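Report on one structure; see the data block that follows.
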Amino acid sequence: MGISDHATTLDNFKGRARLFPLPNLVLFPHVVQPLHIFEPRYRQMMRECLLDDRVLAMALVTTKQGSGFFGDPPLHPVICVGKVFKEEILPDGRINLLLHGVARGRILEEEDPQGKLYRSAKVELLDEIPPASSQTAHELRKSLSRSMAQWFAPQPAALVQLRKLIKSELTLGTLCDVFSFALPLEIEIKQGLLELVDVETRACHLLEEIKKLDPPEPEVLQPMTRRKFPPDFSLN
């Protein structure tokens, strides 16, 4: 999928982001998530987002008791800040859009909604910590390749795409994010992987989680093909 450079950067990020909380989705940098917007509060959010910086942050609702700002459910503080790069506004006001994950972020403080229906927050962007050496990154990449190939063995078409990804110029951190998004990991595990800015640690944790996944039988795998592998992602 072609994604413009403008949709893959946050060069003019203002330090605040509109929040789209969900209980069952963790977005990662470098991947694309389609969204269907139909609730009035999120229609309002998207109208303002599209007229402004097109920045939208996906946040996972926590399982903790209590409430967030003005009674809204609490959120995990580490989020994925993305940019809307394609949208379709339907005649009845619903919106279909494609959101490209760009960077990890941390919620510093939720803002007073001041009459708005949706939530927003002051956010700091988080930089990745690269592996200690190119040799370490190479070894982790090899380990990740072996583990993923074993898991995808019952799905030859996905295996071909996997090998192309491994041989590509994508960084180890990007590969971890693409695989973390695509694999059927529990939602809290995905959130934990999102929170790991240290790429070495992220890769090691992902390898441990892949070991816990039983390679699906071909007939069990069939319904999973609804989620495309690899998911749409950016080479940037």
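The values are calculated or read from the model by the stated rules, or taken from the named source; none is laboratory data. Please read all numbers here as calculations on a predicted model, not as lab measurements. Every residue, glycine as well, gets a Cβ built from its backbone with ideal geometry; the counts of neighbours run over all protein chains shown.
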*Inside the stretch 16-54, can you point out the residues that are free of Cβ contacts under 8 Å to residues at least 24 places away in the same chain and assigned to a helix (DSSP H, G or I)?*
ARG47, LEU51
*Go through the residues of the stretch 108-130 one by one and say whether even a single one is assigned to a helix (DSSP H, G or I) and hydrophobic (A, V, I, L, M, F, W, C).*
no
_Flag for MET45 being in the same structural domain as ALA121 (by TED's automatic domain parsing), surrounded by 18 or more Cβ atoms within 10 Å (Cβ to Cβ) and under 12 Å from the mean Cα position of the chain (by Cα)_ = no
*asked:* Return the residues of the stretch 99-115 that are over 20 Å from VAL26 (Cβ atoms) and touching a helix residue (DSSP H, G or I) at 6+ places or on another chain (Cβ under 7 Å); say none if nothing qualifies.
replied: PRO113
*the stretch 112-158, subset modelled with pLDDT of 95 or more and among the acidic types (Asp, Glu), residue farthest from the chain's Cα centre (by Cα)*: GLU139
_Condition broken by PHE85, with the remaining ones in (1) touching a strand residue (DSSP E or B) at 6+ places or on another chain (Cβ under 6 Å); (2) at pLDDT below 95; (3) surrounded by fewer than 19 Cβ atoms within 10 Å (Cβ to Cβ) satisfied_ = (3)
*What number goes with the only condition from (1) within 20 Å of GLU111 (Cβ to Cβ); (2) modelled with pLDDT of 95 or more; (3) assigned to a loop (DSSP other than H, G, I, E, B) that PRO73 does not pass?*
(2)
